[in-house]
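The values are calculated or read from the model by the stated rules, or taken from the named source; none is laboratory data. Keep in mind it's a predicted model, so treat the numbers as computed, not measured. Neighbour counts are summed over all protein chains in view; Cβ atoms, including those assigned to glycine, are modelled from backbone coordinates with ideal geometry.
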Amino acid sequence: MAASLSKALMHPATKPVVFVLSLLPFAWLFYGALTNNLGANPAEYLIRATGDWTLRFLCITLAVTPLRVVGGLPTLARLRRMLGLFVYFYVVVHLFSYSWFDMGFDVPEIAKDIAKRPFILVGFSAFLLLTPLAATSFNRAVKALGAKRWQALHKLVYAIAGLGLLHFFWMRAGKNNFAEVAVYAAILAVLLGWRVAQFLKKKRKLAAAQPAGSSFSLRS
Ligand code: HEM
């Protein structure tokens, strides 16, 4: 089952299909805006929906590696970069919607708002941290940085997930509405907890593989 799914993921149509599927929420929002179908407050609807899709794509991207390892789907890795770039795409649309509909593209006002409202500052920090990840997601950048530095830089995704969640939590705290925040927190805890468990397992294996007495000591 896993082998045939992994093979299917290698099909030349897989990437274009995932690309189109990832664009569907945007197309749906765009169509809704054009046809005036986004409810009584379309600006708020757009800002919130694009924020939701940013967080969803962040979870989907972070789920690729656990699914690849646990599900025995090595070919899933070929979708990770595209999915990661969709996180950036949706956060840019989110920021653009806020800057346009909430702030009328008034840059000094936007700067003041970021400094004044902590939940916006946290969201903006997540956006700033995402920018170098998006900029270095291409093969050339990986080569230029070297694999080790590239991997270290891309560990920022954990801070981004934490800030994205805090941003959402803070926004909903004003309304005392935490149900959805709790769902995203649980998903991110599982995805990040799995990585911590993998890291500890690897460390234990390395320690066990070291021959006894090989550790360096000043007294030896
Ligand atoms: C990784 C970065 C970000 C993530 C994951 C994110 C996510 C979210 C989420 C999930 C919501 C709530 C949607 C809902 O209520 O259903 C939201 C709302 C919002 N976000 Fe973000 N966001 C990010 C960055 C930003 C940035 C850069 C800004 C602006 C500088 C921003 C401004 C806002 C605003 C104004 C709202 C709506 C608040 C309201 O309607 O009361 N966000 N965001």
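Every condition in (1) surrounded by fewer than 17 Cβ atoms within 10 Å (Cβ to Cβ); (2) free of Cβ contacts under 8 Å to residues at least 24 places away in the same chain is met by residue 78 except one, and the failing one is (2). When the stretch 1-31 is filtered for residues that are surrounded by 14 or more Cβ atoms within 10 Å (Cβ to Cβ), assigned to a helix (DSSP H, G or I) and among the aliphatic types (A, V, I, L, M), the ones remaining, listed by number, are 18, 29. All told, residue 83 meets the bar of being closer than 24 Å to residue 190 by Cα, of a type outside the set (D, E, K, R) and more than 8 Å from the ligand (Cβ to nearest atom).
Take the conditions (1) farther than 22 Å from residue 174 by Cβ; (2) within 13 Å of the ligand (Cβ to nearest atom); (3) within 17 Å of the chain's Cα centre (by Cα); residue 53 misses just one of them, which is (1).
The one condition from (1) more than 11 Å from the ligand (Cβ to nearest atom); (2) under 23 Å from residue 119 (Cα atoms) that residue 195 does not meet is (2).
Selection within the stretch 93-109: residues that are in contact (Cβ under 8 Å) with a residue 12 or more places away in the chain and within 8 Å of the ligand (Cβ to nearest atom). The member of this set that is surrounded by the fewest Cβ atoms within 10 Å (Cβ to Cβ) is 102. Take the residues in the stretch 32-50 that are aliphatic (A, V, I, L, M) and away from the ligand (no atom under 15 Å from the Cβ); name whichever of them is surrounded by the fewest Cβ atoms within 10 Å (Cβ to Cβ). Ranking the qualifying residues of the stretch 32-50, first place goes to 34. In the set 61, 65, only one residue is out of contact with any Ser or Thr (no Cβ under 8 Å at 6 or more places or on another chain), under 23 Å from residue 194 (Cα atoms), buried (at least 18 other Cβ atoms within 10 Å of the Cβ) and hydroxyl-bearing (Ser, Thr, Tyr); that residue is 61. When the test is whether a residue is closer than 29 Å to residue 21 by Cβ, in contact with a helix residue (DSSP H, G or I) (Cβ under 7 Å, 6 or more places away or on another chain) and buried (at least 18 other Cβ atoms within 10 Å of the Cβ), residue 169 does not pass it. Residues satisfying the criterion are absent from the stretch 94-109 (criterion: at pLDDT 95 or above, aliphatic (A, V, I, L, M) and over 27 Å from residue 44 (Cβ atoms)).
Within the stretch 149-206, can you find the residues that are free of Cβ contacts under 8 Å to residues at least 60 places away in the same chain, in a helix (DSSP H, G or I) and under 12 Å from the mean Cα position of the chain (by Cα)? Across the stretch 149-206, the qualifying residues are 154, 156, 158, 159, 162, 163.
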